[in-house]
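S.K.: Structure incoming, see below.
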Amino acid sequence: MSASENGPTLSAVISVHNEEARLAACLEKLAFADEIVVLLDRCTDRSKEVAARFTSRLIEGAWDKEGARRNAGISACRNEWVLEVDADEHVPPELAEEIRQVIATTEFDWHEIPVDNYIGDRLVRYGWGASFGKAAYPGLFRRGVKQWGDQRVHPALIWSGRRGPQLQNRLRHYVDRDISDMIRRLDSYSTARAKDLCEAGEIGSTANNVRRLFSRFLKCYVARKGYREGGYGLLIALFAGLYPLISHLKAKLEDN
């Protein structure tokens with residue numbers, strides 16, 4: 001499906017850091033957009049060379065915080081609508097078609113896109129959330145209505161428009177290669193979160209974060225049906241519960 005010559009125009013934006021191994025597979029599925037914007041954050045591999053095969057809209061720079069990086073990518077978009085994706089995400093044809101239909105007909109300003117998360121080749125649909133994975137995300141929006149906050153990980157969102165219904169078709173998110181990848185992501189996320197906590201002066205208490213471990217575990221494993229995924233659901237719930245506690249302890253005990 002090619003980009004539409006009439007009706008609302010669409011920019012697809014992706015920010016990357018050393019993603020040469022999987023960038024092409026993501027970008028080739030964005031041909032339905034009117035432009036593709038690739039933000040290259042301190043890339044030292046062949047990411048720029050790979051991206052240049054798909055677009056001339058390349059933005060190079062260095063950003064310490066996820067929020068600032070994502071805002072820079074959105075600001076570079078020139079069209080009426082913006083689709084935000086990551087290098088480990090694929091837009092299947094049925095979702096691409098729905099996105100085109102939605103922006104041509106919607107009265108709203110932003111829409112969430114449901115997500116199918118994969119660990120390796122295994123589809124893991126249940127249990128995600130509580131800052132350790134996403135079951136859906138607000139990735140389709142009119143330019144100017146979405147602003148990311150100034151945080152390193154899971155930045156806050158500020159909206160100036162009306163939320164519409166969630167799309168029906170799912171984005172494919174290849175979130176982790178294996179369990180070791182899940183552990184590395186927990187370590188990386190909690191380190192970045194600890195720095196945000198220190199900067200904000202909101203480290204919190206150990207007791208409260210221990211309580212959150214159990215409440216977040218139950219939310220993912222029971223309320224979000226992580227139990228249906230067997231061992232993977234157990235790990236997702238456990239890591240979701242540990243994330244705020246480990247972040248707190250890193251902020252409290254380490255130099256940030």
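The values are calculated or read from the model by the stated rules, or taken from the named source; none is laboratory data. Treat the numbers as computed from the prediction; the structure is a model and nothing was measured. Cβ coordinates were reconstructed from backbone atoms using ideal geometry, including for glycine residues, and neighbour counts include every protein chain displayed.
S.K.: Could you run through region 219-256 and say how many residues are farther than 16 Å from TYR189 by Cα, surrounded by 14 or more Cβ atoms within 10 Å (Cβ to Cβ) and either hydrophobic (A, V, I, L, M, F, W, C) or touching a His at 6+ places or on another chain (Cβ under 9 Å) (or both)?
M.R.: Number of matching residues: 2.
S.K.: State all residues of region 72-85 that are crowded, with 19+ Cβ neighbours inside 10 Å and not in a strand (DSSP E or B); if no residue qualifies, say none.
M.R.: Result: GLY73, ILE74, CYS77, ASN79.
S.K.: Which of the following residues is within 23 Å of PRO155 (Cβ to Cβ) and either free of Cβ contacts under 8 Å to residues at least 40 places away in the same chain or touching a Cys at 6+ places or on another chain (Cβ under 6 Å) (or both): SER188, SER247?
M.R.: Exactly one residue qualifies, and that residue is SER188.
S.K.: Now a separate question. How many residues does region 144-163 contain that are under 17 Å from LEU83 (Cα atoms) and in contact with a helix residue (DSSP H, G or I) (Cβ under 7 Å, 6 or more places away or on another chain)?
M.R.: Going through region 144-163 one residue at a time, the tally reaches 3.
S.K.: Just checking, how many residues over region 182-230 are closer than 27 Å to LYS65 by Cβ and either hydrophobic (A, V, I, L, M, F, W, C) or assigned by TED's automatic domain parsing to the domain that holds LYS134 (or both)?
M.R.: Residues that pass the stated criteria total 11.
S.K.: Quick test of your reading of the structure: SER180 fulfils all but one of (1) of a type in the set (S, T, N, Q); (2) farther than 23 Å from ALA223 by Cβ; (3) in contact (Cβ under 8 Å) with a residue 24 or more places away in the chain; (4) outside any loop (DSSP other than H, G, I, E, B). Name the failing condition by number.
M.R.: Single failed check for SER180: (3).
S.K.: Would a scan of region 129-152 turn up a residue that is on the phi > 0 side of the Ramachandran plot, surrounded by fewer than 18 Cβ atoms within 10 Å (Cβ to Cβ), more than 17 Å from the chain's Cα centre (by Cα) and assigned by TED's automatic domain parsing to the domain that holds GLU35?
M.R.: yes
S.K.: Of the residues GLU66, GLU112, only one is farther than 23 Å from MET182 by Cβ and touching a Pro at 6+ places or on another chain (Cβ under 6 Å); which?
M.R.: So the residue among GLU66, GLU112 that is farther than 23 Å from MET182 by Cβ and touching a Pro at 6+ places or on another chain (Cβ under 6 Å) is GLU112.
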